[in-house]
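The values are calculated or read from the model by the stated rules, or taken from the named source; none is laboratory data. On a predicted model such as this, the values are computed, not experimentally measured, just so you know. Neighbour counts run over all protein chains shown; Cβ positions are idealised from the backbone, glycine included. Accessible surface areas use protein heavy atoms only, side chains included; no ligands, DNA or RNA. Shrake-Rupley method; radii C 1.70, N 1.55, O 1.52, S 1.80 Å.
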Amino acid sequence: MEDARTRIVCTVGPASNTRVMLARMMREGMDVARLNFSHGTYPQHAALLREVRGAAKKTGKTIAILQDLQGPKIRVGDLGEGIQLHAGETVTFSAAKNVKAGKGIIPLSYDRLGKDVKVGDRILLDDGYLEVEVIKSGGMTATAVVKVAGLLKSHKGANFPDSTLYVSSFTEKDKADLLFGVEHGVDYICLSFVTGPEVLHKVRALILKTARSFGVRPPLLMAKVERKAALARIDEIIDASDAIMLGRGDLGVEIPPEEVPEVQKDIVERCRLSGKPIIVATQMLESMREAPRATRAEVSDVANAVFDHADAVMLSAESAAGKYPAVTVKVMASVIREAEASRFDSVHEDDADVNCLPSAIAHTLSMMARLEIIRAIVVASSLGQAAGALSMFRPRAPLIIVVPDEAAARQAILRAGAVPLVLDDHGGTFVPRLHAILHARLNLPKGKCVAYLTKTGYGGISLTLIPV
């Protein structure tokens with residue numbers, strides 16, 4: 001029970017796609033395997049799923065699988081060896097079909113280009129390393145002058161921080177990928193480039209329908225926040241999703257990078273108060289793609305995500321394509337443990353955050369855990385949102401979530417501090433049976449209590465304190 005509360009999400013790729021390596025990463029602290037559907041074929045993803053599940057069985061760990069859909073990433077086309085952009089020169093972006101690069105022409109995969117991009121708007125290329133400003137637009141083209149020069153390579157992404165783009169965040173490719181993911185039993189589906197709740201409602205309906213057809217537990221729906229437009233509707237997006245991923249890479253291009261830390265703290269706090277898990281992602285230990293040690297700045301970045309009370313932190317290219325995937329997980333886990341042991345990880349039990357019965361119970365239990373009156377909190381997953389609210393104040397006691405099956409256990413593992421336990425919760429012997437299991441497994445100190453929350457016959461919540 002001394003494991004870290006903050007979870008580690010690892011992107012699986014060429015550097016980590018074997019059962020041996022995945023098992024090493026799991027032993028070092030990996031909790032969630034992210035499959036990036038921007039790359040790879042269905043046979044390759046099916047093989048990754050088998051390897052992840054095999055490694056989880058080998059290590060005895062509960063590992064969730066997160067399917068990250070590509071979304072409508074706008075990219076330049078095939079540029080051959082690349083195009084050198086010089087400051088002050090003029091280039092024309094074209095969304096016309098079959099257009100080829102050359103003579104100042106750059107193909108771009110957005111067919112409303114001339115309608116949605118206006119004169120004066122910026123286009124940021126290759127994660128913002130290159131910048132142009134539009135001087136003319138119309139039809140399928142936009143002409144721009146280069147402001148920040150450099151070599152533009154094939155298929156690099158394009159961001160439009162000043163433009164309003166009318167593009168759905170759920171593409172036909174995403175739909176086909178989702179069907180594959182549900183059929184193969186993924187635990188979370190992450191929708192990229194979300195800007196509002198409407199698309200989340202649409203995708204959730206498809207998930208539920210597809211899950212029924214395959215007879216599987218529906219995956220939980222995660223929204224990736226990485227567009228400037230999402231910030232204006234962030235509360236609606238949080239309400240419509242089961243979890244949030246904060247994609248700081250694209251977001252840091254769409255808004256000034258100096259604003260990202262404040263936005264991170266704000267969104268993490270909103271998720272915590274809403275009882276929704278949140279993953280902080282992108283470039284957390286980026287230098288470890290090539291080096292066996294992290295920079296001091298990267299260590300501080302991971303620690304600050306813990307201090308912000310994020311449920312999880314994520315490795316992307318570091319674990320997918322880096323030279324030291326297992327070492328990187330070990331470093332991240334060490335930083336998390338050190339940060340969680342500090343006074344900066346504590347969440348003050350603020351009365352102002354108490355606005356319903358679940359939050360009132362969470363407030364009380366958190367104080368009791370801080371005073372070491374209780375040493376574990378047990379809640380049945382059938383309580384739904386109440387189970388999520390219990391992690392609001394990050395109680396310094398294990399949050400044991402009783403679930404009906406292994407699929408539900410994998411879905412629960414993303415929540416900070418959660419310890420899923422598979423056990424049926426029906427019948428009058430639930431609490432005595434559970435207490436016996438915990439007494440045998442947890443080595444709890446005598447003289448303390450375990451808090452049990454169960455559903456009453458009238459739709460209420462029953463809180464029982466039983467001494468160890």
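Quick look at the values:
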{"item": "Region 62-199 - percent of accessible surface contributed by carbon and sulfur, probe 1.4 Å", "result": "49 percent"}
{"item": "Long-range tail of P(r) for region 180-288 (Cα pairs > 17 Å, %)", "result": "54 percent"}
{"item": "Hull-based mean projected area of region 10-105, where the convex hull spans the alpha carbons, in square nanometres", "result": "9.1 nm²"}
{"item": "Solvent accessible area, Å² - M140, 1.4 Å probe, full protein context", "result": "80 Å²"}
{"item": "Unit charges on C-beta of K, R, D, E only; dipole of region 70-115, Debye", "result": "240 debye"}
{"item": "Share of pairwise Cα separations in region 60-114, more than 13 Å, in percent", "result": "68 percent"}
{"item": "With Cα atoms, 0 to 90° folded angle of helix 325-340 axis to the chain main axis", "result": "60 degrees"}
{"item": "For I255, solvent-accessible area (1.4 Å; no DNA, RNA or ligand), Å²", "result": "10 Å²"}
{"item": "Top positive-direction residue, dipole computed over the chain with Cβ charges, set I135, V422, F393", "result": "V422"}
{"item": "Principal axis dimensions, the chain - Cα atoms, whole angstrom, descending", "result": "79, 46, 44"}
{"item": "Accessible surface ranking that places the most exposed of L48, L22, L179 first, with a 1.4 angstrom probe", "result": "L179, L48, L22"}
{"item": "Carbon plus sulfur fraction of accessible area for region 226-308, probe 1.4 Å, in percent", "result": "50 percent"}
{"item": "Neighbourhood charge, 14 Å Cβ-Cβ cut-off, centred on P467 and excluding it, Lys, Arg +1 and Asp, Glu -1", "result": "+2"}
{"item": "Lysines whose Cα lies under 17 Å from that of K209, excluding same-chain neighbours fewer than 8 positions away", "result": "K175"}
{"item": "Net +/- balance of residues flanking I83 in space, Cβ distance below 13 Å, scoring K and R +1, D and E -1", "result": "0"}
{"item": "Solvent exposure, largest accessible area first (probe 1.4 Å, DNA, RNA and ligands not counted), of I105, I279", "result": "I105, I279"}
{"item": "Straight-distance crosslink candidates among lysines, where the alpha carbon sits under 17 Å from K156 and sequence neighbours closer than 8 are dropped", "result": "K73, K100"}
{"item": "Sequence of F193, F307 when ordered by accessible area, the most exposed leading, probe 1.4 angstrom", "result": "F307, F193"}
{"item": "Ordering of 338-346, 323-331 by burial proxy (mean other Cβ atoms within 10 Å per residue, highest first)", "result": "323-331, 338-346"}
{"item": "Accessible area (Å², 1.4 Å probe, nearest 10) - T18", "result": "70 Å²"}
{"item": "Equivalent ellipsoid, region 281-412 (semi-axes from 5 times Cα gyration tensor eigenvalues, Å)", "result": "32, 18, 12"}
{"item": "Proximal aspartates and glutamates to K147, defined as alpha-carbon separation beneath 19 angstrom and excluding residues fewer than eight positions away on the same chain", "result": "E89, D121, D126, D127, E131, E133, D162, E254"}
{"item": "Accessible surface, region 335-395, averaged per residue in Å² (probe 1.4 Å)", "result": "46 Å²"}
